[in-house]
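Here's a structure for you.
The values are calculated or read from the model by the stated rules, or taken from the named source; none is laboratory data. In this text, all values refer to a predicted model and were calculated from it rather than measured experimentally. Quick reminder, even Gly has a Cβ in these numbers, built from the backbone with ideal geometry, and neighbours come from all protein chains shown.
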Amino acid sequence: MVGVSAHVVRVSGSLVELVDLPEAAMFDVVALGERELPGEVVAIEGDRVTVQAYEDTGGLAPGAAAVSRGEPVSARLGPGLLGGVYDGLLRPLRDAGTWLAPGATRYQDDPRQWQFEPSVTAGEQLSAGDRLGSVVDGGPVKVHVLVPPAGGGRVDRVVPAGSYASDAVVATVAGVDVPLTQSWPVRRARPSRERLDTVEPLQTGQRVLDLLYPVARGSSAAVPGGFGTGKTVLLQQIAKWSDADVIVYVGCGERGNEMADVVAELDALDDPRTGERLTRRTVVIANTSNMPMMAREVSIYTGVTVAEYFRDMGHHVVLIADSTSRWAEALREFASRTGALPAEEGYPAGLASALAAFYERAGHVVTLGGSTGSVTIIGAVSPPGGDLTEPVTAHTQRFVRAVWTLDRDLAYARHYPAVAWSGSFSRDAVAVGAWHVRAGDTQWAHRRGRVISLLAEADRLTTLAELVGVEAMPGAERVAMLAGRLLREGVLQQNAASRSDAFCSAAKGAALVDAVLAVVERCGALVDAGVPPATVEALDHGPLLRAREETGPDDADGVAEHMRSMLDRLAELARSEAAP
Ligand SMILES: Nc1ncnc2c1ncn2[C@@H]1O[C@H](COP(=O)(O)OP(=O)(O)OP(=O)(O)O)[C@@H](O)[C@H]1O
Ligand SMILES: [Mg+2]
């Protein structure tokens, strides 16, 4: 056994110093003391090894034994992950917010059996990533068992269809046993054959995102927003509605009761895609603030590893991390404990590269087995005091493809989702526009441009109106301000609690924008013809504004009907104004 003679010489909080740990390597997992508390090697100096414990070191004393596991922190990837709630090391939690007994590092207690069906026969030649068979559990997500990334060769043996335990060997390929559950070091990206540069949008069903700041599958997005601006609600909407096969939700450093709420809420959700429980295609990794800091630090890598595992089967996965700021705080706390030289605001110098390493694991790829899959990463950022120049937010904005900034004033005015149209961006917008053209919507980019410029114009004019008074503004400018209001209330706001509004298809979103633009154009013509702007402003725009809630999630025709009744109303107004 490796390192049985190693023992603890010093314990200082979660940092544990050992001597005589032969062949210690950075990031290897070490089991400390009788309870086998897990920890990770973070420094090696001569024969002294420093280990960062993932759990409370209470009771651990000098002289205690330590054993190296001889491998870095790894996730156990296998059937049964879906629907579960785990800690940062992927150990199952019974209830979110509870912490396992210290040292409960063993995974083998999963009593479940899995129905495995082979898809190959002995003698076939396979490469890494090729499918050996599938686990049939009736759930909405097909779980395949693949030749491990380093494997491949002739299939020596494969088990017949039947019921197997989580760690049962189901095949032997080129002399190597392949179990149902395989282990992977979480800090290392799982390999794929190639990155695809073809872009297809991730439909989130959230209009402000899909219409203005879209994110492609396999891309990445950040949601910076001050305290209480609606980050968690927005991420939950994405978890619920986006067109992904699997959702991995990493709750990072949230308060325990909040995390329990998140899990309870996810548990209660029906899956709009399958009609089953949403949790059947969700993996939740919970790291509440009462859990040890280092488990939090590793949790986002664990999350992205789980996401890659499903990607490798050919699924589209969305990884949600809420909040990456809590994760970065773990880095900072760790740096201060180990006496590392702090850089910006106490964060370690490696903050930027750690963030880059995380977001770089997003991707739309051809898997080793030849199918396509994707991991899209969406992370909330909670800048203290809403200061977007602080290091975590500033670095994150460099590494992600889209930024959806939540605005305090919008949230305060109950404009939800409070995504700011100024201050948000998407580096995927042009490519997504090209995709929409191929998909038959040639107007997508034009519509987006119109909406963004109208909103900016309306904002500018509103500021001006505050100075000079609305009455002093020319008619055309008042119509532009009206356009801003109709876009905000009739298109961008979205009611998460409404059955018809919570999700919006691309077609309905486009119809809503087109309806507003048509009405605004008619309003402009009326004002040009001499109708007082105040009359046009005071008109009841209800038919237009209620369209998003009064039509079904994909009902573009219904939206057009609302538009027509609004245009009728305007025609009536024109007639009555023309009458003497
Ligand atoms: N889309 C929405 N529809 C209705 N209410 C919302 C919406 N988004 C946010 N809210 C309201 O704002 C509150 C705070 O939202 P949320 O918890 O998502 O904010 P947060 O940014 O995650 O906060 P924290 O900084 O504490 O993590 C919610 O409890 C809810 O009342
Ligand atoms: Mg939150």
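Residues being among the polar types (S, T, N, Q) and under 30 Å from W435 (Cβ atoms): count how many of those fall in region 160-204.
4
Next question, about the same structure. Contact list please: Cβ distance under 6 Å, first residue in region 554-566 and assigned by TED's automatic domain parsing to the domain that holds L544, second residue crowded, with 19+ Cβ neighbours inside 10 Å and not in a helix (DSSP H, G or I), pairs at least six apart or on different chains.
G558/T551; V559/T551
Quick check on this structure: which one of V250, V223, V262 is in contact with a Ser or Thr (Cβ under 9 Å, 6 or more places away or on another chain), within 15 Å of ligand 2 (Cβ to nearest atom), at pLDDT below 75 and among the aliphatic types (A, V, I, L, M)?
On inspection, the qualifying residue turns out to be V262.
Evaluate the following for P272: is it assigned to a loop (DSSP other than H, G, I, E, B) and at pLDDT below 95?
Yes.
Among (1) within 16 Å of ligand 1 (Cβ to nearest atom); (2) loosely packed, with under 15 Cβ neighbours inside 10 Å, which single condition is A418 missing?
Failed condition: (2).
May I pose another question? (1) out of contact with any His (no Cβ under 7 Å at 6 or more places or on another chain); (2) assigned to a loop (DSSP other than H, G, I, E, B); (3) farther than 24 Å from Y309 by Cα; (4) small (G, A, S): which one isn't true of G63, the others all being true?
G63 satisfies all of (1) out of contact with any His (no Cβ under 7 Å at 6 or more places or on another chain); (2) assigned to a loop (DSSP other than H, G, I, E, B); (3) farther than 24 Å from Y309 by Cα; (4) small (G, A, S) except (1).
Among the numbered conditions (1) among the β-branched types (V, I, T); (2) under 30 Å from V437 (Cβ atoms); (3) within 16 Å of ligand 2 (Cβ to nearest atom), tell me where V208 comes up short.
The number of the failed condition is (3).
Condition test on S323, is it polar (S, T, N, Q), crowded, with 19+ Cβ neighbours inside 10 Å and under 20 Å from the mean Cα position of the chain (by Cα)?
Yes.
Further question on the same structure: In region 225-239, what residues are touching a Leu at 6+ places or on another chain (Cβ under 6 Å) and either more than 8 Å from ligand 1 (Cβ to nearest atom) or over 22 Å from C504 (Cα atoms) (or both)?
Within region 225-239, G225 is the sole residue that qualifies.
Could you tell me which of the residues A354, A286 is within 20 Å of the chain's Cα centre (by Cα), of a type in the set (A, V, I, L, M) and farther than 26 Å from T181 by Cβ?
Values: A286 fails: farther than 26 Å from T181 by Cβ.
None of the other options fit; the residue is A354.
Then there's this: Does L539 satisfy the condition of being assigned by TED's automatic domain parsing to the domain that holds A480 and within 15 Å of M481 (Cα to Cα)?
For L539, the condition - assigned by TED's automatic domain parsing to the domain that holds A480 and within 15 Å of M481 (Cα to Cα) - is met.
May I pose another question? Does region 225-283 hold any residues that are surrounded by 19 or more Cβ atoms within 10 Å (Cβ to Cβ), within 23 Å of W404 (Cα to Cα) and aliphatic (A, V, I, L, M), and which are they?
Result: L234, L235, I238, A239, A244, V246, I247, V248, V250, M259, V262, L266.
Only one of E329, E344 is more than 16 Å from ligand 1 (Cβ to nearest atom), within 24 Å of G385 (Cβ to Cβ) and in contact (Cβ under 8 Å) with a residue 40 or more places away in the chain; which?
One residue alone meets the criteria, E344.
Next question. Do we have L341 as over 16 Å from H395 (Cβ atoms) and either within 15 Å of the chain's Cα centre (by Cα) or charged (D, E, K, R) (or both) here?
Against the criterion (over 16 Å from H395 (Cβ atoms) and either within 15 Å of the chain's Cα centre (by Cα) or charged (D, E, K, R) (or both)), L341 does not qualify.
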